[in-house]
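Note sheet for the following structure.
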Amino acid sequence: MMMRRTMMAVAAASATALALAGCSAPADDDSEGPTTLTFWHGYTEADGEVLDQIVADFNDSQDDYVIKTETKTWAVIDDTLLPALSSDEGPDIVAMPAERMPVYADRGAFVDLTDFYDSDDSNTAELAEQSVDMVTVDGTPYGVPTGFVPLSVFYNKALFTARGHRRVPHDLGRMGRGSEGAHGR
């Protein structure tokens, strides 16, 4: 049971590696005043309050853009993003777990950010390569990572050795096979 909880925690941690993705819906184009960009995110707990404060600080720091946040559950974002974008009612920016990005990128929902990553003005060269890989689909970056959570595996080495495993299990299948029959020990 402990092994299963550990694997679930690892899976949950990987789901929190998030990216901001530029959606293909056009931004409000007011000829006067700042450009308003709509930002959907699914942070509904204290993390949402922190993110909303970051956005408020950004809005207060300059006069060219206003980011308008819309907090939704992740399930609502999953259910409504594509239909909203196809009707030009979707967000300009969306935060989402990186593992969901390929579904939307494959359907043309995101903007190719290669030019942004190639720009000397962006600080993307300072990002960890692995975090950029998380927001890249088929060689094209579609997002900017907002966090990167290193993952760890915790296991009972003696138990795995006794079961004939000599190395750290490096995939979920080996982890599962190594823990079979070990419950209650």
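The values are calculated or read from the model by the stated rules, or taken from the named source; none is laboratory data. Bear in mind the structure is a predicted one, so any value in this text is a computation, not a measurement. Virtual Cβ from ideal backbone geometry, glycine too; neighbours counted across all protein chains shown.
Taking the residues in the range 109-142 that are touching a helix residue (DSSP H, G or I) at 6+ places or on another chain (Cβ under 8 Å) and of a type outside the set (A, V, I, L, M, F, W, C) as candidates, determine which candidate is surrounded by the most Cβ atoms within 10 Å (Cβ to Cβ).
Pro141
Does the range 50-62 contain any residue that is in the same structural domain as Thr140 (by TED's automatic domain parsing), in contact with an Asp or Glu (Cβ under 6 Å, 6 or more places away or on another chain) and surrounded by fewer than 16 Cβ atoms within 10 Å (Cβ to Cβ)?
The first filter runs over the range 50-62 and keeps only residues in the same structural domain as Thr140 (by TED's automatic domain parsing), leaving 50-62.
Checking the rest, the ones that are also in contact with an Asp or Glu (Cβ under 6 Å, 6 or more places away or on another chain) come to none.
Looking for residues that are in the same structural domain as Thr140 (by TED's automatic domain parsing), in contact with an Asp or Glu (Cβ under 6 Å, 6 or more places away or on another chain) and surrounded by fewer than 16 Cβ atoms within 10 Å (Cβ to Cβ), one finds none in the range 50-62, hence no.
Quick test for you: out of Asp106, Asp79, pick the one residue that is in the same structural domain as Gly42 (by TED's automatic domain parsing), over 18 Å from Gly42 (Cα atoms) and surrounded by fewer than 16 Cβ atoms within 10 Å (Cβ to Cβ).
Asp106
Taking the range 41-60 on its own, how many of its residues are within 23 Å of Asp79 (Cβ to Cβ) and either in a helix (DSSP H, G or I) or of a type outside the set (Ser, Thr, Tyr) (or both)?
Of the residues in that region, 7 qualify.
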